[in-house]
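The values are calculated or read from the model by the stated rules, or taken from the named source; none is laboratory data. Keep in mind that this is a model prediction, so the values were computed, not measured. We place every Cβ from the backbone using ideal geometry, glycine too, and count neighbours over all the protein chains shown. When the accessible area is computed, the model is the full protein with side chains, heavy atoms only, and any ligands, DNA or RNA have been set aside. Shrake-Rupley method; radii C 1.70, N 1.55, O 1.52, S 1.80 Å.
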Amino acid sequence: MLHTKIIDSKKEKILISNAEKFIKDSKFGASIYFLGTVRNINDNKTVTGITYDTHDEMVIKSFEEIYYEADQKLDIKDKAVFIEHAKGHLNLGEVSIIIAVACKHRDQAYLLSRFIIEEIKKRSPIWKKENYENEESEWLKGNPIMGKQV
Amino acid sequence: MKIKLELFGASRDFSDKDHIEIEIEGKASLDDLRNEIIKYLDKNFKGNENFIKIVKSSAFCSENNEIISDNYKIINDQKISIIPPIGGG
(Lines give C-alpha, C1' and ligand atoms only; values in the text may rest on other atoms or scores of the structure.)
Protein backbone atom coordinates (compact mmCIF):
# COMPACT_ATOMS: atom_id res chain seq x y z
CA MET A 1 0.00 0.00 0.00
CA LEU A 2 1.62 3.20 -1.17
CA HIS A 3 0.77 6.90 -1.18
CA THR A 4 3.05 9.43 -2.90
CA LYS A 5 2.60 13.14 -3.54
CA ILE A 6 4.52 16.33 -4.25
CA ILE A 7 3.17 19.10 -2.01
CA ASP A 8 3.24 22.61 -3.49
CA SER A 9 4.03 24.79 -0.48
CA LYS A 10 2.02 27.70 -1.94
CA LYS A 11 -1.14 25.61 -1.77
CA GLU A 12 -0.79 23.14 1.13
CA LYS A 13 1.40 21.73 3.88
CA ILE A 14 2.69 18.27 4.69
CA LEU A 15 0.52 16.97 7.54
CA ILE A 16 1.46 14.07 9.83
CA SER A 17 -2.25 13.46 10.41
CA ASN A 18 -2.70 12.50 6.73
CA ALA A 19 0.11 9.98 7.02
CA GLU A 20 -1.33 8.57 10.23
CA LYS A 21 -4.74 8.02 8.59
CA PHE A 22 -3.12 6.26 5.63
CA ILE A 23 -0.82 3.81 7.44
CA LYS A 24 -3.04 3.02 10.43
CA ASP A 25 -4.11 -0.64 10.40
CA SER A 26 -4.44 -3.18 13.19
CA LYS A 27 -2.43 -5.74 11.22
CA PHE A 28 0.69 -3.58 11.70
CA GLY A 29 2.50 -3.56 15.06
CA ALA A 30 5.17 -0.95 14.24
CA SER A 31 4.93 2.52 12.70
CA ILE A 32 7.73 5.02 12.07
CA TYR A 33 7.36 8.64 11.01
CA PHE A 34 10.48 10.22 9.50
CA LEU A 35 10.34 14.01 9.00
CA GLY A 36 12.92 16.14 7.21
CA THR A 37 12.78 19.78 8.35
CA VAL A 38 14.52 23.02 7.36
CA ARG A 39 17.59 23.63 9.55
CA ASN A 40 18.93 27.07 10.53
CA ILE A 41 22.66 26.53 9.95
CA ASN A 42 24.45 24.78 7.09
CA ASP A 43 28.19 24.96 6.42
CA ASN A 44 28.48 27.77 9.00
CA LYS A 45 25.96 29.91 7.11
CA THR A 46 22.76 31.22 8.67
CA VAL A 47 19.90 29.80 6.68
CA THR A 48 16.50 31.54 6.63
CA GLY A 49 14.67 29.06 4.42
CA ILE A 50 14.99 26.60 1.56
CA THR A 51 13.37 26.62 -1.87
CA TYR A 52 12.81 23.10 -3.21
CA ASP A 53 12.63 22.28 -6.89
CA THR A 54 11.33 18.93 -8.17
CA HIS A 55 10.87 17.10 -11.45
CA ASP A 56 7.43 15.95 -10.33
CA GLU A 57 6.85 12.99 -12.68
CA MET A 58 10.32 11.56 -12.11
CA VAL A 59 10.13 12.04 -8.36
CA ILE A 60 6.85 10.12 -8.16
CA LYS A 61 8.27 7.43 -10.45
CA SER A 62 11.35 7.09 -8.22
CA PHE A 63 9.19 6.79 -5.07
CA GLU A 64 7.22 3.97 -6.72
CA GLU A 65 10.38 2.18 -7.85
CA ILE A 66 11.88 2.44 -4.36
CA TYR A 67 8.69 1.01 -2.85
CA TYR A 68 8.68 -1.99 -5.22
CA GLU A 69 12.42 -2.56 -4.81
CA ALA A 70 11.89 -2.80 -1.07
CA ASP A 71 9.78 -5.90 -1.80
CA GLN A 72 12.72 -7.61 -3.46
CA LYS A 73 15.67 -6.27 -1.47
CA LEU A 74 14.21 -6.24 2.04
CA ASP A 75 11.53 -8.87 1.55
CA ILE A 76 8.91 -6.86 3.41
CA LYS A 77 5.72 -7.64 1.51
CA ASP A 78 3.11 -6.51 4.00
CA LYS A 79 3.56 -2.77 4.56
CA ALA A 80 2.03 0.69 4.26
CA VAL A 81 4.19 3.54 2.99
CA PHE A 82 3.28 7.23 2.82
CA ILE A 83 5.79 9.55 1.13
CA GLU A 84 5.28 13.27 0.50
CA HIS A 85 7.93 15.83 -0.48
CA ALA A 86 7.48 19.59 -0.59
CA LYS A 87 8.29 21.90 -3.47
CA GLY A 88 8.58 25.69 -3.32
CA HIS A 89 9.73 27.86 -0.43
CA LEU A 90 9.82 26.56 3.15
CA ASN A 91 10.69 28.51 6.29
CA LEU A 92 12.86 27.24 9.15
CA GLY A 93 11.38 24.22 10.90
CA GLU A 94 8.87 23.45 8.18
CA VAL A 95 8.57 19.86 6.98
CA SER A 96 10.18 19.12 3.60
CA ILE A 97 9.59 15.37 3.56
CA ILE A 98 7.57 12.80 5.41
CA ILE A 99 8.14 9.07 5.14
CA ALA A 100 5.64 7.14 7.24
CA VAL A 101 5.88 3.35 7.26
CA ALA A 102 3.92 0.64 8.99
CA CYS A 103 4.97 -3.02 9.15
CA LYS A 104 4.21 -6.05 11.28
CA HIS A 105 7.42 -5.74 13.34
CA ARG A 106 9.74 -2.92 14.44
CA ASP A 107 12.92 -4.28 12.82
CA GLN A 108 11.16 -4.21 9.42
CA ALA A 109 9.83 -0.69 9.97
CA TYR A 110 13.25 0.75 10.92
CA LEU A 111 14.90 -0.97 7.97
CA LEU A 112 12.26 0.16 5.49
CA SER A 113 12.20 3.80 6.65
CA ARG A 114 15.99 4.09 6.39
CA PHE A 115 16.06 2.33 3.01
CA ILE A 116 13.51 4.76 1.55
CA ILE A 117 15.21 7.99 2.65
CA GLU A 118 18.67 6.82 1.54
CA GLU A 119 17.33 5.79 -1.90
CA ILE A 120 15.47 9.11 -2.30
CA LYS A 121 18.76 10.94 -1.65
CA LYS A 122 20.42 8.94 -4.45
CA ARG A 123 17.64 8.74 -7.02
CA SER A 124 14.88 11.35 -6.72
CA PRO A 125 15.37 14.53 -8.77
CA ILE A 126 14.91 17.11 -6.04
CA TRP A 127 17.03 20.22 -5.57
CA LYS A 128 17.53 22.69 -2.71
CA LYS A 129 18.25 26.39 -2.93
CA GLU A 130 19.28 27.76 0.44
CA ASN A 131 18.25 31.30 1.34
CA TYR A 132 20.52 33.25 3.70
CA GLU A 133 19.99 36.19 6.07
CA ASN A 134 21.70 38.72 3.76
CA GLU A 135 19.12 37.92 1.05
CA GLU A 136 21.63 35.83 -0.85
CA SER A 137 20.81 32.34 -1.99
CA GLU A 138 22.65 29.34 -3.37
CA TRP A 139 21.77 26.03 -5.04
CA LEU A 140 23.33 23.25 -2.99
CA LYS A 141 25.82 20.98 -4.67
CA GLY A 142 24.21 17.59 -5.02
CA ASN A 143 25.24 14.18 -6.30
CA PRO A 144 24.79 12.91 -9.86
CA ILE A 145 21.52 11.02 -10.16
CA MET A 146 21.77 7.22 -10.00
CA GLY A 147 19.52 4.88 -11.91
CA LYS A 148 18.94 3.09 -15.17
CA GLN A 149 19.74 4.80 -18.47
CA VAL A 150 18.09 4.14 -21.83
CA MET B 1 15.45 20.05 -34.91
CA LYS B 2 14.18 22.06 -32.01
CA ILE B 3 14.81 20.84 -28.48
CA LYS B 4 12.81 22.30 -25.62
CA LEU B 5 15.23 21.93 -22.72
CA GLU B 6 13.36 22.04 -19.43
CA LEU B 7 15.43 23.53 -16.61
CA PHE B 8 15.63 22.22 -13.05
CA GLY B 9 17.71 22.96 -9.96
CA ALA B 10 20.83 25.05 -10.55
CA SER B 11 20.19 25.11 -14.32
CA ARG B 12 17.16 27.34 -13.70
CA ASP B 13 19.67 30.21 -13.61
CA PHE B 14 20.23 29.72 -17.37
CA SER B 15 17.00 31.60 -18.16
CA ASP B 16 14.13 33.60 -16.68
CA LYS B 17 11.80 31.03 -18.24
CA ASP B 18 11.49 27.40 -17.15
CA HIS B 19 13.10 26.22 -20.40
CA ILE B 20 15.43 27.19 -23.23
CA GLU B 21 15.16 26.28 -26.89
CA ILE B 22 18.14 24.69 -28.59
CA GLU B 23 18.39 24.23 -32.33
CA ILE B 24 20.31 21.19 -33.60
CA GLU B 25 21.05 20.39 -37.24
CA GLY B 26 20.43 16.83 -38.46
CA LYS B 27 20.49 13.70 -36.33
CA ALA B 28 22.27 14.20 -33.06
CA SER B 29 23.30 12.42 -29.88
CA LEU B 30 22.87 13.62 -26.33
CA ASP B 31 26.53 14.57 -26.42
CA ASP B 32 25.82 16.93 -29.34
CA LEU B 33 22.98 18.50 -27.36
CA ARG B 34 25.34 19.03 -24.42
CA ASN B 35 27.76 20.88 -26.74
CA GLU B 36 24.95 23.05 -28.12
CA ILE B 37 23.89 24.01 -24.59
CA ILE B 38 27.47 25.02 -23.83
CA LYS B 39 27.47 27.17 -27.01
CA TYR B 40 24.24 28.81 -25.77
CA LEU B 41 25.94 29.56 -22.42
CA ASP B 42 29.04 30.92 -24.19
CA LYS B 43 26.83 33.27 -26.17
CA ASN B 44 24.46 34.39 -23.41
CA PHE B 45 26.63 34.22 -20.28
CA LYS B 46 30.14 34.72 -21.68
CA GLY B 47 31.00 31.08 -21.02
CA ASN B 48 30.14 31.25 -17.29
CA GLU B 49 32.31 28.42 -15.93
CA ASN B 50 29.93 27.44 -13.14
CA PHE B 51 27.09 27.07 -15.65
CA ILE B 52 29.25 24.94 -17.96
CA LYS B 53 30.21 22.76 -14.98
CA ILE B 54 26.52 22.20 -14.28
CA VAL B 55 25.91 21.04 -17.85
CA LYS B 56 28.89 18.68 -17.78
CA SER B 57 27.81 17.11 -14.48
CA SER B 58 24.12 16.78 -15.39
CA ALA B 59 22.08 13.83 -16.54
CA PHE B 60 19.23 14.27 -19.01
CA CYS B 61 15.73 12.90 -19.03
CA SER B 62 13.40 12.11 -21.96
CA GLU B 63 9.72 12.99 -22.33
CA ASN B 64 9.01 9.45 -21.10
CA ASN B 65 10.70 10.31 -17.81
CA GLU B 66 13.68 8.06 -18.39
CA ILE B 67 17.32 8.97 -17.85
CA ILE B 68 19.01 8.89 -21.25
CA SER B 69 22.59 7.86 -21.99
CA ASP B 70 25.22 9.86 -23.89
CA ASN B 71 24.67 7.89 -27.10
CA TYR B 72 20.87 8.45 -27.06
CA LYS B 73 19.84 9.50 -30.58
CA ILE B 74 17.75 12.63 -30.99
CA ILE B 75 15.77 12.27 -34.21
CA ASN B 76 12.72 14.53 -33.71
CA ASP B 77 11.75 17.81 -32.13
CA GLN B 78 11.32 16.92 -28.47
CA LYS B 79 11.30 17.98 -24.88
CA ILE B 80 14.32 16.98 -22.78
CA SER B 81 14.93 17.84 -19.12
CA ILE B 82 18.31 18.65 -17.67
CA ILE B 83 18.90 16.92 -14.32
CA PRO B 84 21.74 18.59 -12.38
CA PRO B 85 23.22 16.73 -9.38
CA ILE B 86 20.38 16.06 -6.94
CA GLY B 87 19.95 16.36 -3.19
CA GLY B 88 16.45 16.25 -1.74
CA GLY B 89 15.08 15.28 1.63
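A crude spin-label estimate for the pair residue A:25 and residue A:57, with each label 7 Å from Cα along the Cβ direction, gives 3.0 nm.
Mean sequence separation of contacting Cα pairs (under 8 Å, at least six apart), scaled by the length of chain B, corresponds to a relative contact order of 39 percent. Mind giving me the FRET efficiency for residue B:23 and residue A:2? R0 is 25 Å, r the Cβ-Cβ distance, nearest 0.05 is fine. Taking R0 as 25 Å, the efficiency between residue B:23 and residue A:2 is 0.05. A Förster distance of 22 Å, applied to the separation of the beta-carbon atoms of residue B:49 and residue A:140, puts the FRET efficiency at 0.75. The portion of the accessible surface of chain A made up by carbon and sulfur, rounded to a whole percent, is 48 (1.4 Å probe; DNA, RNA and ligands excluded).
The angle separating the long axis of helix A:56-74 from the principal Cα axis of greatest extent in chain A is about 40 degrees.
Measuring how big segment B:2-83 is from its alpha-carbon positions, Rg and Dmax come out at 11.6, 33 Å. Largest GNM mean-square fluctuation among A:37, A:54, A:46, using chain A with Cα springs under 10 Å: A:46. Think of a 1.4 Å ball rolled over the protein heavy atoms: chain A then has 56 Å² of accessible area per residue. Protein heavy-atom accessible surface, 1.4 Å probe, per residue over chain B: 52 Å². Rg and Dmax, both from the Cα atoms of the protein assembly as shown and both in Å, are 19.4, 62.
Place a point 7 Å from Cα of residue B:38 in the direction of its Cβ. Which residues in segment B:49-89 have their backbone N less than 13 Å from it? In segment B:49-89, the label zone of residue B:38 (backbone N under 13 Å from the point 7 Å along Cα→Cβ) covers B:49-58.
Between the C-alpha center of segment A:105-149 and that of segment A:37-67 there is a gap of 6 Å.
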